[in-house]
Amino acid sequence: MSTGAGAIYHHVANKDELLAAAAVELVARVAGTGPSDASVRALMLSVFDVIDAHPWLGAQLSRAPWQTAVLLILESVGERLEASGVSKRHRFDVATALVNYIMGAAGQYAAGSRLPPGVGRTAFLETVAKDWTSRAGREQFPFVHAIAAQLARHDDRRQFAAGVDLILAGAAALP
């Protein structure tokens, strides 16, 4: 058995296939492939956590949203929505809103993983906030000015959970 350079390519054709296979493995660990007792919220936070732990996964998921790893997320979200009582009529909209939300977060994590060497998240976001307020006039962008100070120190996971909660609250209010 050869385990030298290139041995993995007996199983996958190229780097893209390797990344896709690794993405499926990571997503399957948190999303599973069958019904689960875990809530939609718990699933979404688990997917968030795996992307947080593996920022390259965000880039991979965003690269090809029709790939198997994304389908696993969509299937798992859909199953949990069904189990939680979201009507068939609204399930597509709610499931795709949640998957699009996680894909947006995945894209942000992919971008965040490419910070300049030696620059931490807080320092980078402080620079972004200063840039926002220096180039965006307070009259034109009053909200941006009001929140700029929060940017550098916000908790990504808490903010993500708040977004999931908003989507789920909207789903619960549907007829």
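The values are calculated or read from the model by the stated rules, or taken from the named source; none is laboratory data. Please read all numbers here as calculations on a predicted model, not as lab measurements. In this analysis, Cβ positions are derived from the backbone assuming ideal geometry, glycine residues included, and neighbour counts consider all displayed protein chains.
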Subset of the range 40-65, residues closer than 20 Å to ALA169 by Cα and either of a type in the set (Val, Ile, Thr) or touching a residue at least 12 places away in the same chain (Cβ under 8 Å) (or both), comes to VAL40, ARG41, LEU43, MET44, LEU45, SER46, VAL47, PHE48
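So which residues in the range 100-127 are over 16 Å from SER39 (Cβ atoms) and among the hydrophobic types (A, V, I, L, M, F, W, C)? If you could, list the steps in order and put the result at the bottom.
Of the range 100-127, the ones over 16 Å from SER39 (Cβ atoms) are 100, 103-127.
Within the range 100-127, MET103, ALA105, ALA106, ALA110, ALA111, LEU115, VAL119, ALA123, PHE124, LEU125 meet the criteria.
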With the first residue restricted to the range 93-118 and required to be closer than 16 Å to LEU72 by Cα, and the second required to be outside any helix (DSSP H, G or I) and not aliphatic (A, V, I, L, M), Cβ contacts under 8 Å at 6 or more apart or on different chains are MET103/PRO65
Here the residues within the range 108-123 that are surrounded by 15 or more Cβ atoms within 10 Å (Cβ to Cβ) and either in contact with an Asp or Glu (Cβ under 6 Å, 6 or more places away or on another chain) or not polar (S, T, N, Q) (or both) are TYR109, ALA110, GLY112
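Across the range 71-92, what is the total count of residues that are among the charged types (D, E, K, R) and surrounded by 15 or more Cβ atoms within 10 Å (Cβ to Cβ)?
From the range 71-92, those among the charged types (D, E, K, R) are 75, 79-80, 82, 88-89, 91; that's our starting set.
If we keep only those that are surrounded by 15 or more Cβ atoms within 10 Å (Cβ to Cβ) as well, we get 75, 79-80, 91.
Residues flagged as among the charged types (D, E, K, R) and surrounded by 15 or more Cβ atoms within 10 Å (Cβ to Cβ) within the range 71-92 amount to 4.
Matching residues to (1) exposed (fewer than 11 other Cβ atoms within 10 Å of the Cβ); (2) modelled with pLDDT under 85:
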site: HIS10; (1), (2): yes, yes
site: ALA28; (1), (2): no, no
site: GLY32; (1), (2): no, yes
site: ALA42; (1), (2): no, no
site: SER46; (1), (2): no, no
site: SER62; (1), (2): no, no
site: GLN67; (1), (2): no, no
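The rows are residues; the columns are (1) touching a Cys at 6+ places or on another chain (Cβ under 7 Å); (2) modelled with pLDDT of 85 or more; (3) more than 19 Å from GLU17 (Cβ to Cβ); (4) part of a helix (DSSP H, G or I).
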| position | (1), (2), (3), (4) |
| --- | --- |
| GLU79 | no, yes, yes, yes |
| ASN100 | no, yes, yes, yes |
| ALA105 | no, yes, yes, yes |
| TYR109 | no, no, yes, yes |
| LEU115 | no, no, yes, no |
